[in-house]
Amino acid sequence: MKLVNGFDLVAYAKKNGYVLPAFNTTNLEMTYAIANGLMEANLPGYIQISSNNLRLSNPYVIAMIAKDAVKKSEIPIGLHLDHGKSFEDVKACVDAGFTSIMIDMSHLPFEENIRESKRAAEYCHFYGIPVEVELGALRGKEEDIVNEGECKTDPDMVAEYVSKTECDLLAVSVGNVHGLCLNPQIDIPLLEKINQISKVPLVLHGGSGISKEIIWEAKKHGLIKINYGSDLRKEFIGTFGEAYETNHNEHDVIHLSIDAVNHVANKAKELVMMINEH
Ligand SMILES: [Zn+2]
């Protein structure tokens with residue numbers, strides 16, 4: 001299959017009752033691994049890359065690898081920009097063939113957040129691509145994004161924010177944490193309240209560590225997309241780390257990279273199956 005447009009992917013998930021995982025890639029190996037994991041599970045989802053990671057490669061390279069990685073897929077897979085940091089990054093990814101976009105202006109004051117998010121949404125919508133935005137801030141660390149304090153999404157701001165930004169997906173802060181957090185306290189009543197107000201489906205960042213029971217509960221309250229970064233990165237790094245621990249002269253990059261692809265794919269498969277057991 002070709003990479004699937006984000007609107008079609010969300011419609012497919014809604015129709016079939018799926019939650020879509022969005023797995024963060026970093027490089028060629030992780031991109032193939034994520035596609036393989038989804039294909040083995042025969043469940044839909046996203047390959048996503050953060051704005052920060054674009055320093056390592058560029059959107060065209062990632063889009064080309066992703067297109068190749070999904071070409072044998074029989075289930076829909078989209079390519080998403082995670083935490084788009086600027087209008088320029090958004091534009092570069094749309095132009096390169098990404099099928100879904102996030103613009104993250106959650107660090108800005110409310111009015112500026114709306115203005116910048118709307119600007120990105122207008123550009124994306126011109127090309128028929130959906131836009132995820134964020135209201136509230138997550139505790140924890142995701143690459144360059146570090147937050148000490150937590151700022152939960154204020155439900156009183158949701159209606160105005162969603163309608164003025166003209167967004168298609170809303171990322172919320174309801175106790176979810178970026179990075180590896182073993183026991184995040186997800187505020188289901190708050191999620192339920194936000195969902196009653198929001199016209200668009202909801203997204204949880206910081207999926208690693210959230211129990212399946214909580215995800216199934218969140219699914220009843222508008223959850224359509226959940227992001228996973230740390231779980232997959234740990235599998236990737238662990239493969240090389242263990243080999244080095246065993247033998248400090250280890251230099252078989254090809255076999256270790258193939259192992260890393262398999263380990264990351266297995267984790268992606270396990271996660272997409274877990275969130276869709278119900
Ligand atoms: Zn995030």
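Taken together, the values in this text are just the output of simple stated rules run on the coordinates, not laboratory data. Please read all numbers here as calculations on a predicted model, not as lab measurements. Note that we place each Cβ from the backbone using ideal geometry, even for glycine, and neighbour counts take in every protein chain shown.
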When you scan segment 170-210, how many residues do you find that are in a helix (DSSP H, G or I) and without any contact (Cβ under 8 Å) to a residue 40 or more places away in the chain? 8
Of a type outside the set (D, E, K, R) and out of contact with any Leu (no Cβ under 9 Å at 6 or more places or on another chain): is that true of ASN42 in this structure? yes
Single match in LEU170, LEU180 (criterion: buried (at least 20 other Cβ atoms within 10 Å of the Cβ) and within 16 Å of the ligand (Cβ to nearest atom)): LEU170
Could you check, for segment 28-48, whether at least one of its residues is in contact (Cβ under 8 Å) with a residue 60 or more places away in the chain, within 16 Å of the ligand (Cβ to nearest atom), small (Gly, Ala, Ser) and in contact with a Pro (Cβ under 6 Å, 6 or more places away or on another chain)? yes
Given the structure, is TYR46 of a type in the set (Ser, Thr, Tyr) and within 17 Å of the chain's Cα centre (by Cα)? yes
If we ask which residues in segment 244-278 are outside any helix (DSSP H, G or I) and under 20 Å from the mean Cα position of the chain (by Cα), their number turns out to be 2
Go through (1) without any contact (Cβ under 8 Å) to a residue 60 or more places away in the chain; (2) within 17 Å of the chain's Cα centre (by Cα) for LEU56 and report which single condition fails. (2)
Give the number of residues within segment 211-240 that are assigned to a helix (DSSP H, G or I), basic (Lys, Arg) and within 15 Å of the ligand (Cβ to nearest atom). 1
List pairs: first residue in segment 263-278 and in contact (Cβ under 8 Å) with a residue 40 or more places away in the chain and over 14 Å from GLY209 (Cβ atoms), second residue part of a helix (DSSP H, G or I) and of a type in the set (Phe, Trp, Tyr) anywhere in the structure, Cβ distance under 6 angstrom, at least six positions apart or on different chains. VAL264/PHE236; HIS278/TRP216
In segment 45-81, how many are farther than 20 Å from VAL261 by Cβ and touching a Phe, Trp or Tyr at 6+ places or on another chain (Cβ under 7 Å)? 5
